[in-house]
2 protein chains.
Amino acid sequence: MEYDIRAGIAALPHSPIALIAEYGRDRAGLIPLWFGEGDVPTPDVIAEAGIRAIRDGEVFYTHQRGLPRLREALSDYLGRVHGVPVGVERITVTSSGMTAIMKVMQTLIDPGDEVAVVSPIWPNVTASVKVMGGVPRAVPMRLGNHGWDLDLDALFDACGPRTRAIFVNSPGNPTGWMMELDDMRRVMEFARSRGLWVISDEVYARLVYDRPAAPSFVEVAEPDDKLIIVNSFSKNWAMTGWRLGWIVAPPALGPVLENLVQYSTSGTPAFVQHAGIAALEHGEPFLVEMVDRCRQARDAVCAALERLPNVHSTCPPAAFYAFFRVDGERDSMALAQRIIDEAAVGLAPGTAFGEGGEGYLRLCFASRLDRVEEAMARIAGVLG
Amino acid sequence: MEYDIRAGIAALPHSPIALIAEYGRDRAGLIPLWFGEGDVPTPDVIAEAGIRAIRDGEVFYTHQRGLPRLREALSDYLGRVHGVPVGVERITVTSSGMTAIMKVMQTLIDPGDEVAVVSPIWPNVTASVKVMGGVPRAVPMRLGNHGWDLDLDALFDACGPRTRAIFVNSPGNPTGWMMELDDMRRVMEFARSRGLWVISDEVYARLVYDRPAAPSFVEVAEPDDKLIIVNSFSKNWAMTGWRLGWIVAPPALGPVLENLVQYSTSGTPAFVQHAGIAALEHGEPFLVEMVDRCRQARDAVCAALERLPNVHSTCPPAAFYAFFRVDGERDSMALAQRIIDEAAVGLAPGTAFGEGGEGYLRLCFASRLDRVEEAMARIAGVLG
């Protein structure tokens, strides 16, 4: 960079997912499974609520922490899903889960501050730490015989004098790993004992195949605990393009987050928030269908991967990704390019997901079953 | 704050504009002129383009720097308005002018870095510097006999060894002050000679009463100059609630800004961008009408203020604010409260706008003429 911009910003990695999409975008007949989104548009009941709000003139500046009705609907939703009350005063609406994470980093991270991050993890988390001059410390999980495994002692050992927070994304992107409630309790207790914050990204909390919802840190914490949960409408309700998310934080942080919304996005479009209200009030049938579709696709992908003797993976209990490695293949970007060239399937290279990710490929199976099956047949032709 | 959050974040001021709105929100019969927005909804030709895009399924992740068609439309628009070519490679779409400013600060400002800011100015600019740990250095203008006056030597003297950038908002909020092209040239030359960045907020460039468009720094700079312009669809096309803006920056900064979009908002809804395309392609008649309405309201406000002998102001050549002080009134928040209590008119206290602002009140006249006239009659009853 010939300009004198901040060193950390100049060094920010270009997302390898964006790079592989650039590489494969024009490949004829490509089945793109590289991004974390499905192939169905937002359900009508949600989209039409947004449209109605535009026509009703909801096009002016609005509440910085979100429409009161949306915050109440979120409070109801979280209480219903996790079985514990989550008061409106803890909730701040944001313009996506990503925006939520950036606001959390702006609140907590001074230059040199460290964040212990359970890895592999989607690249934007560590990048947002770096934007604030912070230092992510990856704690890689291992793929064992019973799925992805986090060594809690390794996580705690990674917390030193400069550590400000522990970042957990469960269910996890890209691994589909899920932290159980007992471990959440241990993490919360450790964080309390050391005065650390816990940042919990629970975006995939409803995309779970063995129970109605994943465990949430909200179930093992008091409202005043140093816990911040970030979440999003994107994955549950096919709303990736709407940019709508939320934060659950201690009530005392409300005015701080309100300021940060004011001073970074100045609020989320009210009509987008009305779509969010519709998602919470009428979106459950779509979500049930979505999980059902994803389960079928997951089962097809897992069965196909199991038939490949040189492929190692685990059938994920949650989220909508298969994350697998291939014997002898160490360069995931090169392998992802080969699969585009030879099979016309777009996968994300594991190198995108930080420590523990290289050598793996991520496949998003939130697509029509026949497309996923066709993709697996093509991949088998290359790897089999 | 009982929590250990970043010192600069805990100390961020709550916007006095939000505070006065909180104070007066429930006052019966209130005419609210405290925010920087008009009272007409987004024109149909724009809103319906957004609606059409939702129904066309433009609800997925999208280009991080903006839809190519929107960036091209912005390039055309800027060339048309300012008479100089502005290539697509210089343009990045953002989720509002505010988001644009935050991205610029993330790019440039390390803790302790200074930004010289022409003041009075809307509060979010200095706040965004502080979010990054930077230090805004206000350079207050004076209200003289010929309007607001910036002493360029004072601006240059405020630039020391830690200064990274000069921030200019012309036409200015709250003053309506406009920097002429000769002065822009001098600022740009000074910045070049000292290796500083110029950040130019040109959100009000089209709300001008004595010519079709305000001077722009784009007219006095080369594409590679250290100049970053931030702008927004909000004021021109009654789109405050859509959260859509853009950045003009040196082409080499494109990939950096793309990363920062990815790692802070992950893009602007595609359907919002389609509304933006419609604004640029079909919004000119609305803008002409808007300026015409604002001019009439401005003239009414200026005439009313002139009739008050204890009021000092200047009739602004641009933007949509009257900014005036009253003899003997030093506490603008107290005066704004009194005007709510006694006149049921909502104004923004000058203390919101940093150095040089205290003692003043800001009135947004982008409202129906009869409402503005009624507001002025009521204010005259209190101040006259």
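Assorted remarks:
- Taken over the stretch B:35-85, residues that are among the small types (Gly, Ala, Ser), under 26 Å from the mean Cα position of the chain (by Cα) and farther than 14 Å from residue B:233 by Cβ amount to 3.
- Scanning the stretch A:214-230 for residues that are buried (at least 19 other Cβ atoms within 10 Å of the Cβ), part of a loop (DSSP other than H, G, I, E, B) and of a type outside the set (D, E, K, R) yields A:214, A:215, A:216, A:220, A:221.
- Scanning the stretch A:153-202 for residues that are among the small types (Gly, Ala, Ser), over 24 Å from residue A:349 (Cβ atoms) and crowded, with 22+ Cβ neighbours inside 10 Å yields a count of 3.
- Residue match in the stretch B:349-367 (condition: of a type in the set (A, V, I, L, M, F, W, C) and surrounded by fewer than 21 Cβ atoms within 10 Å (Cβ to Cβ)): no
- A residue that is aliphatic (A, V, I, L, M) and facing chain A (nearest Cβ under 7 Å) occurs nowhere in the stretch B:60-81.
- Set side by side, the residues A:281, A:358, A:342, A:289 differ, and just one is in a loop (DSSP other than H, G, I, E, B) and on the phi < 0 side of the Ramachandran plot, which is A:358.
- Residue A:107 vs. criteria touching a residue at least 12 places away in the same chain (Cβ under 8 Å) and within 8 Å of chain B (Cβ to nearest Cβ): yes
- Close pairs from the stretch A:114-125: first hydroxyl-bearing (Ser, Thr, Tyr), partner crowded, with 24+ Cβ neighbours inside 10 Å and part of a helix (DSSP H, G or I), Cβ under 8 Å, at least 6 apart: A:119/A:353
- Test: residue in the stretch A:274-284 that is facing chain B (nearest Cβ under 10 Å) and either under 19 Å from residue A:204 (Cα atoms) or touching a helix residue (DSSP H, G or I) at 6+ places or on another chain (Cβ under 8 Å) (or both): yes
- Residue count for the stretch A:12-26 satisfying the condition of being without any contact (Cβ under 8 Å) to a residue 40 or more places away in the chain and either at the interface with chain B (Cβ under 10 Å from one of its Cβ atoms) or part of a helix (DSSP H, G or I) (or both): 3.
- Here residue A:298 meets the list (1) in contact with a Phe, Trp or Tyr (Cβ under 7 Å, 6 or more places away or on another chain); (2) free of Cβ contacts under 8 Å to residues at least 60 places away in the same chain almost entirely, failing just condition (2).
- Condition met for residue A:202 (touching a helix residue (DSSP H, G or I) at 6+ places or on another chain (Cβ under 9 Å) and either within 20 Å of residue A:122 (Cα to Cα) or in contact (Cβ under 8 Å) with a residue 12 or more places away in the chain (or both)): yes
- Spans of strands (runs of 3 or more DSSP E) in the stretch A:97-180 with at least 3 residues in contact with a strand residue (DSSP E or B) (Cβ under 7 Å, 6 or more places away or on another chain): A:114-119, A:135-140, A:163-169
- Residue count, the stretch B:361-384 (criterion: part of a loop (DSSP other than H, G, I, E, B) and at pLDDT 95 or above): 4
- Matching option when the condition is at pLDDT 95 or above and not assigned by TED's automatic domain parsing to the domain that holds residue B:244, among B:85, B:13, B:32, B:68: B:32
- The stretch A:229-250, residues that are within 10 Å of chain B (Cβ to nearest Cβ) and among the β-branched types (Val, Ile, Thr): A:240
- Residue match in the stretch A:35-49 (condition: buried (at least 19 other Cβ atoms within 10 Å of the Cβ), aromatic (Phe, Trp, Tyr), part of a loop (DSSP other than H, G, I, E, B) and not assigned by TED's automatic domain parsing to the domain that holds residue A:245): no
The values are calculated or read from the model by the stated rules, or taken from the named source; none is laboratory data. All values derive from a computational prediction rather than experimental measurement. Positions of Cβ are generated from backbone atoms using ideal geometry, with glycine treated the same way; all protein chains shown enter the neighbour counts.
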